[in-house]
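The structure appears below as structure tokens.
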Amino acid sequence: MKKYFEFEKLGTSYKTESVAGLTTFLAMAYILIVNPLMLSLASVGDYPDALRMDQGAVFTATALSAAIGCLVMGLYAKYPIALAPGMGLNAFFGYTVVLTMGIPWQTALAGVLVSGLIFIALTLTGLREKIINSIPAELKYAVGAGIGLFITFIGFQNAGVIVGDDAVLVGLGDLTAGNTLLAIFGLIVTVVLMVRGFKGGIFFGIVITAVVGMIFGLIDKPEAIVSAVPPSLEPTFGAAFAHLGDIFTIEMLVVILTFLFVDFFDTAGTLVAVANQAGLMKDNKLPRAGKALFADSTATVAGAILGTSTTTSYIESSAGVAAGGRTGFASVVTALLFILSLWFFPLLSVITEPVTAPALIIVGVLMVSALGKIKWDNFEIAVPAFLTIIVMPLSYSIATGIAAGFVFYPITMIMKGRAKEIHPVMYGLFVIFILYFVFLVE
């Protein structure tokens, strides 16, 4: 095992890698709590049961898809990078695709499955790099920042800080309400933990908030801590296959492109950032990049079959690297912890919307850091980037934000006399997103 993971060459040990794997798990364990709530739409009013995914099944799918992704990444690509259903993509799945666009969650899973298969094909053929290079960096940064604002908006809604207002669409909620005060307390606690550099700050912020909620009677105490059997996958397993025939529409084409697009750049950015932090980059290139991308896309396919949104590489892996992780053994440890978590589903009953709201807000803060990388003094770049960012939360749709930016980019660049800098792929996306807007109007 030591030889396979090159412990001696990388100057590490079983103890160091195990601690790193545990640290990464604690830093991202909040997804076990947040993802089932996001996909089951537990925080969104009285919608028909047909729109809701089974929370227990999504919990199991989340844990298993994360475990599968971590194992493939650790054993095959040998990187200390963990995977799980991605934040932002789960919001797009639940709030945009299902609620706003009215697409059944089974069809949305089919879209995730197809995007994962396309990702695998692009990785194996080497086309992935060409497509990434065709899209300007500023638009990539804008997408990340826009998703951050969108997730933060959802967090404030779940907290009751922001509520609907007939006069101005949205306004400030009742800050003296019990659940809102609990969410504000949780936000303060999480911020303090993060500022102090506490490993797993988001996860422990959720735990502390839930405990305080139970103490003050805002949350019912769990009936059990451990269950004898994990929740069944039966409600979601294989649903993607049954609805593959429903994906052949312009609407679903945009959905699949969005799943693919966001996963593309989220994965690329995470892999480079974590590998660079671990000192694993060679000549500014990522060794075994193809294997790492294959692990990511395989996890997405597995997750879609099990019943969850796109699985992707987590930037929280940097916490494990900071703890000394240098090899894939750390990811294997993280995978085992995700498997172990399957038996702790009863604890999910104490995790309500106000408890998870601070996590959404903090994740949003982390994502909007991309704003600083955009060249705001270039107006032809600033306009499409700004529209991408602002339209996401205002339209409650990640896809619509991407569409707005990608439609305006060729227009502003051509008017500036920079038409030669526009890649042909961008013209193709321009046409697709124009059809997307036309389709929505109809």
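Here are a few things to note about the model shown:
- Residue list for region 62-83, restricted to those being open to solvent by 10 Å² or more (accessible area, probe 1.4 Å) and in a helix (DSSP H, G or I): LEU64, ILE68, LEU71, VAL72, LEU75, TYR76
- When restricted to residues that are among the aromatic types (Phe, Trp, Tyr) and part of a helix (DSSP H, G or I), region 194-213 contains 2.
- Helices (runs of 4 or more DSSP H) fully within region 357-442 counting 3 or more residues that are of a type in the set (Phe, Trp, Tyr): 398-415, 424-441
- Unique match (being open to solvent by less than 10 Å² (accessible area, probe 1.4 Å) and either in a helix (DSSP H, G or I) or at pLDDT below 90 (or both)) among PHE345, PHE329, PHE338: PHE338
- Top-ranked residue in region 348-360 [being open to solvent by 10 Å² or more (accessible area, probe 1.4 Å) and among the polar types (S, T, N, Q); ranked as modelled with the highest pLDDT]: THR352
- Residues satisfying the stated conditions in region 218-249, i.e. surrounded by 15 or more Cβ atoms within 10 Å (Cβ to Cβ) and acidic (Asp, Glu): ASP246
- Test result for PHE59, buried (at least 20 other Cβ atoms within 10 Å of the Cβ) and at pLDDT below 90: no
- Pick from region 5-17, criterion free of Cβ contacts under 8 Å to residues at least 24 places away in the same chain and in a helix (DSSP H, G or I), ranking: nearest to the chain's Cα centre (by Cα): LYS15
- Failed item in (1) closer than 23 Å to LEU293 by Cα; (2) open to solvent by 10 Å² or more (accessible area, probe 1.4 Å); (3) more than 20 Å from the chain's Cα centre (by Cα); (4) modelled with pLDDT under 90, with ALA20 passing the rest: (2)
- Test result for VAL191, free of Cβ contacts under 8 Å to residues at least 12 places away in the same chain, part of a helix (DSSP H, G or I) and open to solvent by 20 Å² or more (accessible area, probe 1.4 Å): no
- Residues within region 195-209 that are aliphatic (A, V, I, L, M) and farther than 19 Å from ILE154 by Cβ, tallied: 3
The values are calculated or read from the model by the stated rules, or taken from the named source; none is laboratory data. Just so we're clear, the structure is a prediction, and the values are computed from it rather than from any experiment. Neighbour counts are summed over all protein chains in view; Cβ atoms, including those assigned to glycine, are modelled from backbone coordinates with ideal geometry. Note: accessible area is taken over every heavy atom of the protein model, side chains too, but ligands, DNA and RNA are not part of it. Shrake-Rupley method; radii C 1.70, N 1.55, O 1.52, S 1.80 Å.
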